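These notes concern the structure reproduced below.
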Amino acid sequence: MAQYGPGVVLYFQFLKYIGCLYMVLCVLSIPALMVYYSGNTAYRFDFKGLIVKTSLGNIGVARPACNTGDSVIYLQCANGYFDKLTNFGTVSKTTEINCVDDSASVLQKFEFSPNTCQLDQWSREEIERAKDYFKANCFEQPSCELKINPRLYPSKKCPKSASTTFVATASCDASKINLFGSKKLSIQKETAALIVVYMDLLAIIVYWFSMILAKPMVSLSHY
């Protein structure tokens, strides 16, 4: 290609140089993509869902979990793992269950029936017994089957009724990120943020240094 002059030769050399540079930058972006992909905010598996899963928005935040049941209550954290039981009691079977981001708002959604059958109305001993039962069955798990057990509630304050059902709300801890869903590869979000920032800084340094190395090509093109 030398017969076409230095400009054409340098052009293709520059394309090769830039191609190698962006391959290096892609490798440096892999840790960030791993962290983002390990989140569980995106549930769609189409092209749009894939884009979301490889972005910062997929890391998500901790949301409370809540559900109802007569003999078993199925709970699942949208992000993270179960931390503690925040409320338990009986509500009417016609009650609409709605978990929102603010745990205080979740509790205000429920009208317990009877009013005595809710965690806040129990004695300290009854509350501790219920929380210990929850901890033994659901603590640090992403999902849980909370079986209704006499240890979970005081029978005198929660009489059985055909028109009511049990409801439970629990808080979730999302301070850790489990890489590819594995608890053995979990890291703190603060650590993950530092890794992403350091990789971005390293990518900037590599790009800046590569542009300095490419400067002689510009000088050659003047001849």
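The values are calculated or read from the model by the stated rules, or taken from the named source; none is laboratory data. Computed from a predicted structure; not experimentally measured. We place every Cβ from the backbone using ideal geometry, glycine too, and count neighbours over all the protein chains shown.
Test of understanding: among P142, P154, P150, which residue is at pLDDT below 85 and either surrounded by 15 or more Cβ atoms within 10 Å (Cβ to Cβ) or outside the structural domain of S92 (by TED's automatic domain parsing) (or both)? Of the residues listed, the single one that is at pLDDT below 85 and either surrounded by 15 or more Cβ atoms within 10 Å (Cβ to Cβ) or outside the structural domain of S92 (by TED's automatic domain parsing) (or both) is P142.
Quick grid of which residues meet (1) at pLDDT below 85; (2) surrounded by fewer than 16 Cβ atoms within 10 Å (Cβ to Cβ); (3) closer than 18 Å to Q76 by Cβ:
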residue: N98; (1), (2), (3): yes, yes, yes
residue: Q108; (1), (2), (3): yes, yes, no
residue: E111; (1), (2), (3): yes, yes, no
residue: E125; (1), (2), (3): no, yes, no
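Looking only at residues of segment 157-184 that are surrounded by 12 or more Cβ atoms within 10 Å (Cβ to Cβ) and among the basic types (K, R), we find that the one that is nearest to V72 (Cα to Cα) is K157.
Within segment 132-147, is even one residue over 17 Å from I73 (Cα atoms), out of contact with any His (no Cβ under 6 Å at 6 or more places or on another chain) and among the small types (G, A, S)? Scanning segment 132-147 turns up no residue that is over 17 Å from I73 (Cα atoms), out of contact with any His (no Cβ under 6 Å at 6 or more places or on another chain) and among the small types (G, A, S).
In segment 195-223, which residue that is surrounded by fewer than 12 Cβ atoms within 10 Å (Cβ to Cβ), part of a helix (DSSP H, G or I) and not β-branched (V, I, T) is modelled with the lowest pLDDT? Among those that are surrounded by fewer than 12 Cβ atoms within 10 Å (Cβ to Cβ), part of a helix (DSSP H, G or I) and not β-branched (V, I, T), it is S219.
Whether any residue in segment 85-96 is modelled with pLDDT under 80, farther than 25 Å from N178 by Cβ and not basic (K, R) is what I want to check. Yes, that holds for at least one residue.
This table checks each residue for (1) within 10 Å of the chain's Cα centre (by Cα); (2) without any contact (Cβ under 8 Å) to a residue 60 or more places away in the chain.
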site: K48; (1), (2): no, yes
site: T54; (1), (2): no, yes
site: N58; (1), (2): yes, yes
site: A62; (1), (2): yes, no
site: V72; (1), (2): no, no
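Contact map, segment 124-142: first residue of a type outside the set (G, A, S), second residue surrounded by 16 or more Cβ atoms within 10 Å (Cβ to Cβ) and part of a helix (DSSP H, G or I), Cβ cut-off under 9 Å, separation 6 or more or different chains; pairs are E126/L119; I127/L119; R129/L152; K131/L119; Y133/L152; F134/L152.
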